[in-house]
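Contents: one structure, followed by commentary.
The values are calculated or read from the model by the stated rules, or taken from the named source; none is laboratory data. Remember, it's a predicted structure, so these values are computed and weren't measured experimentally. Every residue, glycine as well, gets a Cβ built from its backbone with ideal geometry; the counts of neighbours run over all protein chains shown. Please note that ligands, DNA and RNA were not included when accessible areas were found on the heavy atoms of the full protein model with its side chains. Shrake-Rupley method; radii C 1.70, N 1.55, O 1.52, S 1.80 Å.
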Amino acid sequence: MQAAAERVAEGRLDIDPSLEKGPREFQQAGASFNQMVTALNQMISGQQRLLSDISHELRSPLTRLRMANALAIRKQGESQELTRIDTEAERMEQMIADLLSLSRMQLNSHAERETYTLEELWLTLLEDAEFEAEQHSKLLTYQTIPSASIDGNGPLLCSALENVVRNAIKYANHSVEVSFSIAGRELKVMVSDDGEGVPQEMLADIFRPFYRVSTARDRASGGTGLGLAITDSAMRQHNGKAEASINAKGGLTVTLVFGLINTAK
Ligand SMILES: Nc1ncnc2c1ncn2[C@@H]1O[C@H](COP(=O)(O)OP(=O)(O)OP(=O)(O)O)[C@@H](O)[C@H]1O
Ligand SMILES: [Mg+2]
């Protein structure tokens, strides 16, 4: 029962028939546990499907809106208002496209779980990031990835770190550092940059979907503001959390905390 509860905490929502064996009291408790897991499973899939359906449905009226707007421009000629309508509609289309890809990634992510070593998950990503930073004349350094493994959804675990690292590269002035620390079964991955950081009172907000600290600063940098929301959701699905703080250099440090990794390989 304890092992089964731990699996659920890791986000693995499988029922376990062996829980329904043994003395009667255990059978009953085991059956209830399995029922709960089934219900949780349905709830999560239902919610994710809803999000996916909604974002999909929103697309058609938006497409018609942009078409009508294009017609209006053709009839009346360009005007400031019509151009504004078009840029805002385009922005909305981008947000919906991002939402759609987010919900696709999450759809059944709790069903598709495997065991990965940390290196399998993140080495290529860090090597690529090192290269990408170089292209922007910045320096990204990372500690050796500890040898441990984690149970979860590979693509989600990968993009959880990727979104943080890419932000760090984008907002750093010169350098980005990625470091790891393990205590017991808890793994912390820290990504620090030396950029201008985020005001203290906004540190929690940056994980919200579409939240951007400054429209002026962040619009120029592209993206829609879903990156950290994906990270946050991925962390929650893996018995972990994401936190942001201001570091000694005044830049941002994002820490990904994983509660249950397997250290004995
Ligand atoms: N390392 C950082 N330094 C300073 N500000 C940051 C950093 N990382 C994130 N932010 C702020 O948090 C906001 C949200 O980040 P998030 O990754 O969710 O969106 P984005 O990078 O703007 O767009 P996207 O990731 O969708 O391309 C950013 O717009 C930015 O204002
Ligand atoms: Mg981002």
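Quick notes
- Cleavage-rule hits, chymotrypsin sites (Phe, Trp or Tyr not before Pro), the stretch 157-240, DSSP coil, Cβ neighbours within 10 Å at most 12: Phe210
- Amide N of the stretch 172-191 lying under 14 Å from the label point, which is placed 7 angstrom from the Cα of Gln143 along Cα→Cβ: 177-184, 186-191
- Of all accessible heavy-atom area on the chain, the percent that carbon and sulfur account for (1.4 Å): 53
- Long-range HN-HN contacts of His174 with modeled amide H, under 5 Å: Asp194
- Converting the Cα gyration tensor eigenvalues of the stretch 1-111 into ellipsoid dimensions via √(5λ) gives semi-axes, longest first, of 52, 11, 7 Å.
- Each pair of Cα atoms in the stretch 40-197 enters the Kirkwood radius, and Stokes-Einstein at 20 °C and 1.002 mPa s then converts it into a translational diffusion coefficient of 113 µm²/s.
- Full extension of the chain between Ile54 and Glu132 yields a length gain of 24.6 nm, computed as 0.36 nm times the residue separation minus the alpha carbon distance.
- The sum of -39500 (n - 2.57) across all DSSP H runs of n ≥ 4, divided by the residue count of the chain, sets its helix-only mean residue ellipticity at 222 nm to -18000 deg cm²/dmol.
- Note: relative contact order over the stretch 1-159, using C-alpha pairs below 8 Å and six or more positions apart, is 23 percent.
- Coupling constants for the stretch 137-142 follow from the phi torsions by the Karplus curve (6.51 cos²θ - 1.76 cosθ + 1.60, θ = phi - 60°), and in residue order they are 6, 10, 10, 10, 10, 9 Hz; glycine and proline get x.
- Accessible surface for the stretch 1-54, divided over its residues, is 67 Å² per residue with a 1.4 Å probe.
- Using alpha-carbon coordinates, inclination of helix 24-76 to the longest axis of the chain, degrees: 10
- Largest to smallest principal axis extent of the C-alpha atoms in the stretch 133-265, angstrom: 47, 28, 26
- Value of relative contact order over the chain, rounded to a whole percent, pairs C-alpha under 8 Å and six or more apart: 17
- Taking 21 Å as the straight-line reach from the Cα of Lys188, the lysines in range (excluding those fewer than 8 positions away in the same chain) are Lys241, Lys249, Lys265.
- With respect to the chain, whose longest principal axis is taken over its alpha-carbon atoms, helix 154-171 is tilted by about 40°.
- In degrees, nearest ten, helix 80-106 long axis to first principal axis of the chain (Cα): 10
- Simple point charges give the picture: +1 on the Cβ of Lys and Arg, -1 on the Cβ of Asp and Glu, and for the stretch 1-114 a dipole about the Cα centre of about 340 debye.
- Solvent-accessible area per residue, Å², over the stretch 114-258 with all protein chains present [probe radius 1.4 Å]: 46
- Semi-axes of the equivalent ellipsoid of the chain are 38, 29, 14 Å, computed as sqrt(5λ) over the eigenvalues of the C-alpha gyration tensor in descending order.
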